[in-house]
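First comes the structure, then the notes that go with it.
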Amino acid sequence: MTVLDVLIEDDRWRAQDLTGLADRAAAATFEVLGLDGDYFEMAILACDDARIAVLNTDFRDKPQPTNVLSWPSVDRSPETAGAPPDAPDSAQAAELGDIAIAYDTCLREATEAGKPMADHVTHLLVHGILHLLGYDHVRDLDATLMERLEVEILGKLGLPDPY
């Protein structure tokens, strides 16, 4: 099983079973990608909008809160748009990187979309894990690939297409 280090800064996350949601999201993501998740590690910071706004400012020069941020330990992004990124080597343990997720923004987005919070958080965790694995959505072809994978992974979890 993937090693997850979950740091809960905002106690409201405790009611969401974030560790359980992250375990399920990671397992489904690795299964769809054909990776053995037993060899991977990642850290998740469960915070609020104030904290993620500081991180978003510091790392992306965007002084506002966002739902999820990710910091891959290795840049696996492909040079060719729409191509899959280089897979991490599952023959040895690999630290994939870090994810931060903001309670306030997640709750607001889930409420506005009429979705259960757990479903929305699961989608955002899958999204963040895909970023750690080198997937992105800046270029159109990359976005198409990433969104297709998100839909497939969420489908494995019994969740509807978020798009």
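The values are calculated or read from the model by the stated rules, or taken from the named source; none is laboratory data. Given the structure is predicted, the values throughout are model-derived calculations rather than measurements. Counting neighbours? That spans all protein chains shown, and the Cβs are built from the backbone with ideal geometry, glycine included. SASA here: full protein model, heavy atoms, side chains in, ligands and nucleic acids out. Shrake-Rupley method; radii C 1.70, N 1.55, O 1.52, S 1.80 Å.
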Say we join alpha carbon atoms closer than 10 Å with springs in a Gaussian network model of the chain; which of GLY82, GLY34, GLY134 then has the biggest fluctuation? GLY34
Long-range amide H partners of PHE40, meaning residues 5 or more apart or on another chain whose placed amide H is closer than 5 Å, are VAL3, ALA94
For the stretch 9-48, take every pair of Cα atoms, bin their distances at 10 Å starting from 0, and report each bin as a whole percent. 26, 47, 23, 4
Once the Cα atoms of helix 49-60 and of the chain are each reduced to a long axis, what angle between those two axes, in degrees from 0 to 90 to the nearest 10, is obtained? 40
Leaving out ligands and nucleic acids, and using a 1.4 Å probe, what accessible area per residue does the stretch 53-104 come to in Å²? 56
Quick one: pull the percent of accessible area on the stretch 1-70 belonging to carbon and sulfur, 1.4 Å probe, ligands and nucleic acids left out. 48
Of all beta bridges DSSP finds with both residues in the chain, what is the antiparallel percent, to the nearest 5? 25
Under a Gaussian network model of the chain whose springs join Cα atoms within less than 10 Å, the largest fluctuation of ASP98, ASP89, ASP23 belongs to ASP89
VAL6's amide H: which non-local residues (gap 5+, or another chain) put their own amide H closer than 5 Å, with H modeled 1.01 Å from N in plane and none for Pro or chain starts? ILE44
Given only helices, namely DSSP H runs of n ≥ 4 each adding -39500 (n - 2.57), what is the per-residue ellipticity at 222 nm of the chain, to the nearest 500 deg cm²/dmol? -14500 deg cm²/dmol
Diffusion coefficient in µm²/s returned for the stretch 34-158 by Stokes-Einstein, Kirkwood Rh over C-alpha pairs, 20 °C and 1.002 mPa s, is 140
For the stretch 1-87, state the semi-axes of the equivalent ellipsoid (square roots of 5 times the eigenvalues of the alpha-carbon gyration tensor), sorted largest first and rounded to whole angstrom. 25, 20, 10
Give me the angle, in degrees from 0 to 90, between the Cα long axis of helix 103-113 and the longest principal axis of the Cα atoms of the chain, rounded to the nearest 10. 90
Along the stretch 3-11, Karplus-curve 3J(HN,Hα) (6.51, -1.76, 1.60; θ = phi - 60°) to the nearest Hz, with x for Gly and Pro, reads 8, 10, 10, 9, 9, 9, 8, 10, 4
In the stretch 59-163, what GluC sites (Glu not before Pro) fall in a loop by DSSP, with at most 16 other Cβ atoms inside 10 Å? GLU79
Against the longest alpha carbon principal axis of the chain, how many degrees, from 0 to 90 and to the nearest 10, is the axis of helix 117-132 turned? 40
